[in-house]
Structures are given as structure tokens and as C-alpha cells.
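Chemist: Just passing along the structure, written as C-alpha cells.
The values are calculated or read from the model by the stated rules, or taken from the named source; none is laboratory data. These figures come from a predicted structure and were not determined experimentally. When we count neighbours, we look across all protein chains shown, and the Cβ atoms used for this are built from the backbone with ideal geometry, even at glycine. Surface accessibility is based on the protein's heavy atoms, side chains included, excluding ligands, DNA and RNA. Shrake-Rupley method; radii C 1.70, N 1.55, O 1.52, S 1.80 Å.
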Amino acid sequence: MNLFAALRQAFPADLDTCAIEPADGPDTTHVYTWRDLDHASARIANLLDSLALPPASRIAVQVEKSVEALLLYLAVLRAGHVFLPLNTAYQAAEIEYFIGNAEPAVVVCSGKHFTWISRLAFKAGTTHVFTLNDDRTGTLLDRAAFHADQHTPATKSADDLAAILYTSGTTGRSKGAMLTHGNLLSNAQTLKDYWGWRNVKEGGDVLIHALPIFHVHGLFVASHGALLNGSKMLWFSKFDPKAVLARLPEATVFMGVPTLYVRLLGEAGLTQAACRHMRLFISGSAPLLIETFNDWRTRTGHTILERYGMSETVMLTSNPYRAEDGERRGGTVGFPLPGVGLRVRGDQGQALPAGEVGGIEVKGPNVFAGYWRMPEKTREEFTADGWFKTGDVGKIDADGYVTIVGRSKDLIITGGYNVYPAEVEGFLNELPGVQESAVIGVPHPDFGEGVLAVVVPRAGARIDGAALIAALKNRIAGFKVPKQVFVVSELPRNTMGKVQKNLLREQHKGHFNA
Ligand code: AMP
């Protein structure tokens, strides 16, 4: 079934009630009813239909967060095309790669980036470039306004592609995780039940949506959660702890990356009274420190529910929601969700007993269809018996709780965003005077991990760390740029010639005083 059609069926009977209320941004008086969501997404879907694109065309979107950007996502599903969201922090080098790799038929970007993005897109064969700004302006909406507000969703089967999410690759090249209508819908239905979402008759839930919508957490877990339950969203275009706290008394569900919880704990206004209507706080995308988990319970009386997932699989595990299913254990990511298989394997692929650490492998209707145009890479990441190797290292204890202990793929997670060292090293090594580099993540009190680089200069060259940082800022997203560069004469290596990043991490672990 078309994922949009399933979400549409879940809209409440009274279409004139509020679906999304913007809580910040240019116009907080403009609320969106369920009818608005239906009509506006129909108009954009009709616009896409009028372009006579090949079936399952990629629609690449790099825009600031807005309700209209979410409507565009719904319209792409509705018209049967493939949504390809891009992080708003991505710069020219990254956008050029994504557009060249995905070959989108349509690109939607902010008006202020139209000149350079359209040049890249048309060169790569894109036929249409529209603009969409966060204040309801841009050519996408101008053109959609001429189209009808009724639209029959395209017929889709569970195996048809719905979205491609690019994850950075350890080789420095991003891979496009292909997610199907079946992957996304089955996961949303599982979470609806597991997290006890309340429908309108049961009093309804109100979700605070303060996450970006170019990532699995905000786009799928949060938005699908609310839409599939006909629940209202309080919509924040960016996370501001004071602004979120001010609206918390109206909400029942909050989803955040650990950094957001740390920021909220820094506010004196975070009290039990502020959380009096809250039903559920959910954390994921990066490890939640046990201190944060405990402090949150002391301050608010609520126990954060930590869950684990990734772009390739949507959600995999969750701590229990209902007390009868068990307690929520800090430091763990809970149990595999119903329908998800999760096992831990040793280096040789052997089964490991409870409590032993190994590679986490998963299976289920939520597991993606493979990496876009990378059949080799896809094959490498699946075992012979069809399990996906997540690249995460962890264990399952005797009670069945899963704990993530590290990442075999060397991923750094800073403020909930993924940074693959190999990619940043590739850009650093291209800069004048740089012989080689090692990029590492070390504990950071605010971001979880902070990015650092250790760089070796070419013979006779003099390099300045601040200048390297400035040069990188023009090329790649700010969250990937090292906060500090250390210049050394050589990198520590093992006998196999591999850089010993563990030694570098140890040496610099106190840099941010976390
Ligand atoms: P992404 O594809 O951007 O969602 O990143 C997925 C990665 O984030 C996973 O492979 C894990 O390494 C990490 N991750 C997600 N949730 C958690 C969690 N609750 N605890 C620890 N790591 C997590």
C-alpha cells in the first residue's frame, strides 16, 4: 500500500481540527488543519504529475525545515516518486556528489541557493528545479497553487521505493539507503502500538516536533508517529530549549537526540509541573549518557525511553513503554521491536552467548532494500543468510536488553549528526601542505562527541590549524569540520600500518573537558 494512503486513512474524522501548529518561525498564526495537509499535498502531487516524470523519479530536496517541506514529502509519496532529503548544512562538494549520484528528475532548494544548485542540477540532467523557502514562498508553491486539491495516490506495493537517505560512507563516499513503502509503513505501525500512541477518542497525543526533517528520526519516527495516529504536532523549525519548555505543558510526547535533553536540563524551568501532561520522552540517534538519564528522572519524574535505529533500518530496538513489559534501563537500548530479528556475532560470524560483545546483525520488514546503485556494497553488508550487518558493536544481556558499546565503522556522532572520519580526512588531505590526517571523536559535554583532527604536514610545509579549519568550512557541513587541528610529525601506526586511532582518542580525550 502507498504509505501516504495509509497515513491519510489515519487522519481524524473531523478534518477541520488542528494537525500542525507552528510554534516558531515567520508566522505562528497560520495553523494547518488535516484538510490543509490533504489539499496542499494534493496540489503538489498534481504538479509533480503534470511534469510527466518517469515513474519512481528521485525528488531531491534541500530546504530549511517548514511545514511545507513536510507537505512536499507527503506529495512525493502520494505521486509515487522517491523522496531524497538532504541535510541543510551540506555545501557544494556534497550536493554535487548527491545530485550526480542520484540523478534526481526534480530538485527543490531554498531561493537563496537557486543559482548554484540549479547550475549543478541541470548539468547532471535534472529537468526541473523549484524553490521553497521557510515563509511559504517559492516557485514550488506558486506553481502548485494552479493545481487541483484532490489527488488519488499512486498505486504502490510494499517493495516500491519511497525514499533514499544518504548515509556517509567509511570510504568517504556516501551511500544512498533505499527505503520502501513497506519498510516505512511496517515500522510506523509497530511503533504506534509499542509506544502506545493515543488516538483522538483516547484523548489524543500532542507531539513536540523539534528535530530536522532530513533525517530518519525527525522525518520518519516523529512525523509518521503523529500522522499515523491523527495526533497534533507542535512544530519547531529549530530547537531552542526555552521555546520548547514554554510549550511543554501542552504536549504529551517529545522526541530528541541526547544533546536536546542535555540542553533542556540546563534550563531552570524544566520541572515536574512543566511536564505535567507528558506521557513519553524518547531519545535516540546517539548514546544517551546514564547521567542524563538519571538527572532527567530526578528533575521531571519521567524515565526517558531510549531506542536504537539507523537510516538503513528505521527503528530496531526500544526500551519498553508499558511497565508490564519491563523497566526502562539506562545505558541500554531495550529489546528488539516486535518483528525485528537482532543477533550478535563474533569476528568469524559465530553466535555469541548472552553478555558477549560482537557485531550487531538485524533482519525484518523494516530493513532497507540496499544501497542505491551499489550492488557490491549492498552484498558486503548482508550475511549469506540475509542479515544486515549494522556496523554497530554491542551485546544482549541475559534479560534480553541490548547495549551498544561502539561502532565498528568508526562513526563519530556529534550533536546527533553522523561524521565519518574518512570523509573529512579526504577533504583535509586535499588541502595544500597536508601530508595525511586522522579525524577522531572525543567526549564533548554538549555534543556527545566533538570532532578533532591530527594532521601531518608535507616535508618543508608549514601549516596552520585555524587556516585548515577555515578552508574546510567552505567545503563541507559545519558539524563535520574539526573544532581543533593538532599538527604532529607522524601518526601512531600498528604493525599492519593502520593508524591507531584509539591512541589518539586516548591522548585527546580530555580536550573538551567532558
Ligand atoms: P543514522 O543512520 O544517522 O540514524 O545513524 C545510525 C547510527 O546511530 C547507528 O548505527 C548507531 O551507531 C547510532 N545510534 C542510533 N541510536 C543510538 C542509541 N540509542 N545509542 C547508541 N547509538 C545509537
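Chemist: Which of the residues belonging to the stretch 447-482 are of a type in the set (D, E, K, R) and closer than 19 Å to Ala89 by Cα?
Modeler: Narrowing the stretch 447-482 to residues of a type in the set (D, E, K, R): 449, 458, 462, 464, 473, 475, 480.
Glu449, Lys473, Arg475, Lys480, listed by residue number.
Chemist: Identify, please: which residue in the stretch 381-399 is outside any strand (DSSP E or B) and within 16 Å of the ligand (Cβ to nearest atom) and is, among those, nearest to Tyr166 (Cα to Cα)?
Modeler: Residues of the stretch 381-399 outside any strand (DSSP E or B): 381, 383-387, 397-399.
Now restrict to residues that are within 16 Å of the ligand (Cβ to nearest atom): 381, 387, 397.
On the way: Glu381: 16, Trp387: 21, Asp397: 32 Å.
Residue satisfying both the conditions and the ranking: Glu381.
Chemist: Right, next: In the list Ala52, Ala45, Ala75, which residue meets the criterion of being among the aliphatic types (A, V, I, L, M) and in a loop (DSSP other than H, G, I, E, B)?
Modeler: The conditions single out Ala52.
Chemist: Also, I was wondering about something else. Check Ile413 against each of (1) within 16 Å of the ligand (Cβ to nearest atom); (2) in a helix (DSSP H, G or I); (3) under 23 Å from Glu506 (Cα atoms) and name the one condition it does not meet.
Modeler: Going through the list (1) within 16 Å of the ligand (Cβ to nearest atom); (2) in a helix (DSSP H, G or I); (3) under 23 Å from Glu506 (Cα atoms), Ile413 breaks only (2).
Chemist: Hey, His39 hits all of (1) of a type outside the set (Val, Ile, Thr); (2) part of a helix (DSSP H, G or I); (3) surrounded by 19 or more Cβ atoms within 10 Å (Cβ to Cβ) but one; which does it fall short on?
Modeler: Just one mismatch for His39, condition (3).
Chemist: Of the numbered conditions (1) within 30 Å of the chain's Cα centre (by Cα); (2) open to solvent by less than 30 Å² (accessible area, probe 1.4 Å); (3) more than 27 Å from Gly359 (Cβ to Cβ), His511 fails exactly one; give the number of that condition.
Modeler: So the condition that His511 fails would be (2).
Chemist: What are the residues in the stretch 199-235 that are among the β-branched types (Val, Ile, Thr) and either within 16 Å of the ligand (Cβ to nearest atom) or open to solvent by 10 Å² or more (accessible area, probe 1.4 Å) (or both), if any? So that I can check it myself, show each step before the final result.
Modeler: Taking the stretch 199-235 first, the residues among the β-branched types (Val, Ile, Thr) are 200, 206, 208, 213, 216, 221.
Scanning the stretch 199-235 gives Val200, Val206, Ile213, Val216, Val221.
Chemist: Still on this structure, please answer the following. Here is a list of conditions, (1) out of contact with any strand residue (DSSP E or B) (no Cβ under 6 Å at 6 or more places or on another chain); (2) open to solvent by less than 10 Å² (accessible area, probe 1.4 Å), and Leu179 meets all of them except one; can you say which number that is?
Modeler: For Leu179, the failing item is (1).
Chemist: Turning to a different aspect of this structure: When the stretch 130-164 is examined, which residues are found to be outside any loop (DSSP other than H, G, I, E, B), open to solvent by less than 20 Å² (accessible area, probe 1.4 Å) and touching a helix residue (DSSP H, G or I) at 6+ places or on another chain (Cβ under 6 Å)?
Modeler: Filtering the stretch 130-164 for residues outside any loop (DSSP other than H, G, I, E, B) gives 130-131, 139-144, 161-164.
Now restrict to residues that are open to solvent by less than 20 Å² (accessible area, probe 1.4 Å): 130-131, 140, 144, 162-164.
Scanning the stretch 130-164 gives Phe130, Thr131, Ala144, Ala162.
Chemist: Please name all residue pairs, on different chains or six or more residues apart, with Cβ atoms under 6 Å, provided the first residue is in the stretch 63-75 and is farther than 16 Å from Thr88 by Cα and the second residue is of a type outside the set (S, T, N, Q) and open to solvent by 10 Å² or more (accessible area, probe 1.4 Å).
Modeler: From the stretch 63-75, the pairs are Leu71/Ala40.
Chemist: With the condition being within 9 Å of the ligand (Cβ to nearest atom) and over 17 Å from Thr180 (Cβ atoms), I'd like the strands (runs of 3 or more DSSP E) fully within the stretch 304-368 carrying at least 3 qualifying residues. Spell out the reasoning first.
Modeler: Values: elements: 305-310, 314-318, 341-345, 358-363.
Once the strands (runs of 3 or more DSSP E) in the stretch 304-368 are filtered for at least 3 residues that are within 9 Å of the ligand (Cβ to nearest atom) and over 17 Å from Thr180 (Cβ atoms), what remains is 305-310.
Chemist: Could you tell me which of the residues Thr167, Thr126, Thr152 is touching a Lys or Arg at 6+ places or on another chain (Cβ under 7 Å) and among the β-branched types (Val, Ile, Thr)?
Modeler: Thr167
Chemist: So which residues in the stretch 412-424 are open to solvent by less than 30 Å² (accessible area, probe 1.4 Å) and either in contact (Cβ under 8 Å) with a residue 40 or more places away in the chain or farther than 30 Å from Ala210 by Cβ (or both), if there are any at all? Before the answer, list the steps.
Modeler: Going through the stretch 412-424, the residues open to solvent by less than 30 Å² (accessible area, probe 1.4 Å) turn out to be 412-416, 419-421, 423-424.
Ile413, Thr414, Gly415, Gly416, Val419, Tyr420, Pro421, Glu423, Val424 - these are the residues of the stretch 412-424 that are open to solvent by less than 30 Å² (accessible area, probe 1.4 Å) and either in contact (Cβ under 8 Å) with a residue 40 or more places away in the chain or farther than 30 Å from Ala210 by Cβ (or both).
Chemist: Look through the stretch 247-292, keep the residues that are assigned to a helix (DSSP H, G or I) and more than 16 Å from the ligand (Cβ to nearest atom), and return whichever of them is surrounded by the most Cβ atoms within 10 Å (Cβ to Cβ). Reasoning before the result, please.
Modeler: Here is the first cut: in the stretch 247-292, the ones assigned to a helix (DSSP H, G or I) are 247-250, 258-265, 290-292.
Okay, now just the ones that are also more than 16 Å from the ligand (Cβ to nearest atom), so 247-250, 263-265.
Working: Arg247: 17, Leu248: 22, Pro249: 12, Glu250: 13, Arg263: 18, Leu264: 24, Leu265: 16.
Among residues in the stretch 247-292 that are assigned to a helix (DSSP H, G or I) and more than 16 Å from the ligand (Cβ to nearest atom), the one surrounded by the most Cβ atoms within 10 Å (Cβ to Cβ) is Leu264.
Chemist: Scan the stretch 293-302 and tell me whether some residue there is in a helix (DSSP H, G or I), within 13 Å of the ligand (Cβ to nearest atom) and over 30 Å from Ala163 (Cα atoms).
Modeler: At the first step, the residues of the stretch 293-302 found to be in a helix (DSSP H, G or I) are 293-300.
Now narrow it down to the ones that are within 13 Å of the ligand (Cβ to nearest atom): 293.
Checking which are over 30 Å from Ala163 (Cα atoms) leaves us with 293.
So far as the stretch 293-302 goes, yes, one or more of its residues are in a helix (DSSP H, G or I), within 13 Å of the ligand (Cβ to nearest atom) and over 30 Å from Ala163 (Cα atoms).
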